[in-house]
Structure formats: structure tokens, C-alpha cells
Ligand SMILES: [Zn+2]
């Protein structure tokens, strides 16, 4: 049985359906392509106008000096805050405003924001301008209907999530914006479907492995030492022992899809020998024994694993190959790492969103964990804030695809869930 508050919040969202559609379309029509990071200032100024008019205090924050920040492509972020009448918790909705490249295969204008059969099309529609728009509508509906709430509502739109979030959430977290003393609940409206709560993600370790050889004439390979053959031995050892080992490591985390419930390793790239010639070069290659070969590995690990052991596993493998091949020499370089994170199901933000889903959709939510990472890592690791989830409209599989879309009904439903969550967290005594 819905309470009077829930009913009024749901109606307030429903009455803003046209506004939600227009807002989503406007956001899609600002092409915030990353890389290189276009129109970040423009989208922040658009949101500034919108949220100022709704009574929010605005701060535009440039991540000066962050990775990829430059005067040509400055990394702009916006944080909007509206305080209630009395003190209380702060609920923060964080969305990234950048989108990935368009790619081929579109039948709609990728920056047209066309509405067709209840779906809005465009790059970023589901990942994640639809989620950003839904959170703004939820916040506007809530603050207008119950202006005497306690605590605060914050909305941020941040740069560079698609390229690691260093000019966005990582910068804000470092500057204290996600300090648990000022923000208590964070919802990231990534497209996880309106009935699922995403608790966290697996860990990441990227590294480059290089095998070393000695250059010589290709007609006399015995005078050199072939780095590609050494790498071949590494790959063969991975096939024989490492991949089977990873398949046995299963997690208790509810990772989706099913295939990602184990440790995984991808070889993102391999290169050995002379550089690939520019397109249009019509000559033949030169005969040389390659003196180095490199691979980039992308290891995704589980909350049950420890990153030191993840690295040691690969090191042991390389040492084993070394013991079997007299001239084997290698180097391994760390490129990037992220610890796994998972908010407990009993955390306040999880419980509140779960109850709101039950009320709006008349079903219990599914709890999931993402196979890849998103900005929660920075909120958790740099901001030290654990009460954080991803929840938002849209179908994850459509992200980064041609003809990406977000459903209007899904956006309305998840905006209702977000508004009811605000009611639950910021209207004490209800
Ligand atoms: Zn995203």
C-alpha cells in the first residue's frame, strides 16, 4: 500500500514526463565526445541554467592538471546542491556527461535525440544522459513537492568516466566532494535496468609484458634471438596453466553476465618485430629477427582475490618459462589497477532503493555486480564513501552500440524510484 507521500512523488514525476523527454533530448544534442572531451563546458553551462532555475546552488569545477585536461579540452564538472530546511543526510546523484565515439551502423542521427515509439535515440541516450535526466527530474519533483525536507540533494555531472574518470569523479573525490562528512548516500544512474541494483564491480589489473631478444638477419635467425618465439612460449604456458586456473576461481559476488562470475584475463594487444607500416606503403617488410615483443594483459579479479597474489601468479608463470628457456628475458610493467568493490545489501542506500523499487514496480530488485568498473571505484577508494550503488534506466547491452536508445517509460519509472528514495531518506518520520 503506497503512502500518501509516495503517491504524491510518483504523480509529481509523472506530470514531468514531457520535461524528462525534452531534457534527455537536449543533453543528447550536446555532443560530449570523449576522447578528446568535447563540449564539456557547454553541457555544464546547460545544466547550470537548468538546475539554478530549480533552486540549486551550482559549482563548476575544472579538473585542472588532471589526466587529459588542457586549455583546448578542459575537463569541466558540475556539482549542484539544494539544502533542505533542516539538517540531515545528503543524497548525491552522480552521472558522467561524456559519451564514446559514434562508430558505424546508425540509422538515427546520433546527436538528434529523436523520439520514436517511446524510445529516445542517440549516442549517450542510455549511457548515461537518460539516467542523468531521470535523476534531475526526480530531484526537481521531490524538492518542489516537499520543500521542507531535511538534509540535502546533490546532482553532479562529471567528465571522463569513459576514459577512467580521472578528470571527473576522481578529481572531485580528491578535492573532498565525496567526503562521508558531506555526502552520505551516492546513486550513480548508469544503465543497469530499472529493476536492478548494482552493488559494485570486479577489480582490474592491466600490465604490459615484454619479452626480449636480439636482432639479426632473418636469413640467419640462429645469430639472433626471436622475442616473438619467447612470447609464444608465454602464451602457450598461459593456455596450459593460467586460463584453466582462472576458470576455477569463482566469486560469491552476483556478477552479471554469468561468464564474468569467474576470474578472467584478456590479451588486449600483441606486437612484435618491426612496426606496422603506414597504410599505403607498398613495399615489402625487411628480414629481421624481432628483438622485442609486447602484450597488454587485462586481468579482472574477484573480491575474494588479493591483487598481490594476482600479480604473483603471472610473475610465477614468467619465471617458469624462464627456467625452461635459457635466453628468456622479460619485463613486466603495471599500467593500471582498480580494487574490486561491493556495497553490502544491508547498506542504507541499497535498502532505500530496494523498497522504492518494490513500491514502484511491485517486485523485488535483483542485486548485481558489474564485470567492468565505473566511477564507484573513485568514490570508494579516494572518497572513502562506501554507501554507494549504481541504479538507473536503460539496457546496459545498448551502451556504446549504434542506434543506442533509452525507453521513456523506463526513465519515468526509475525517476519515480529515485524520487521515492529521496522521500525515504530525507523526510524523517515517514
Ligand atoms: Zn556509463
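Details
- Hits in the stretch 291-334 - residues which are in a strand (DSSP E or B) and either loosely packed, with under 12 Cβ neighbours inside 10 Å or out of contact with any strand residue (DSSP E or B) (no Cβ under 9 Å at 6 or more places or on another chain) (or both): 333, 334
- Of all the listed residues (218, 165, 200), the sole one being within 16 Å of the ligand (Cβ to nearest atom) and either closer than 17 Å to residue 43 by Cβ or more than 15 Å from the chain's Cα centre (by Cα) (or both) is 165.
- Sub-6 Å Cβ pairs linking a first residue in the stretch 105-132 that is more than 14 Å from residue 43 (Cβ to Cβ) to a second residue that is within 16 Å of the ligand (Cβ to nearest atom) and part of a strand (DSSP E or B), at least 6 apart or interchain, are 119/405; 120/406; 121/405; 125/405; 125/406; 126/406; 130/406; 131/95, ordered by first then second residue.
- Residue in the stretch 241-261 that is within 16 Å of the ligand (Cβ to nearest atom), outside the structural domain of residue 75 (by TED's automatic domain parsing) and in contact (Cβ under 8 Å) with a residue 40 or more places away in the chain present: yes
- If the condition is being away from the ligand (no atom under 14 Å from the Cβ) and surrounded by fewer than 21 Cβ atoms within 10 Å (Cβ to Cβ), then the stretch 388-406 contributes 402, 403.
- The number of residues in the stretch 348-387 being under 24 Å from residue 306 (Cα atoms) and surrounded by fewer than 16 Cβ atoms within 10 Å (Cβ to Cβ) comes to 3.
- Filter pass, residue 143 being away from the ligand (no atom under 16 Å from the Cβ), under 23 Å from residue 414 (Cα atoms) and not in a loop (DSSP other than H, G, I, E, B): yes
The values are calculated or read from the model by the stated rules, or taken from the named source; none is laboratory data. Quick caveat, the model's predicted, so the values are computed rather than measured. When we count neighbours, we look across all protein chains shown, and the Cβ atoms used for this are built from the backbone with ideal geometry, even at glycine.
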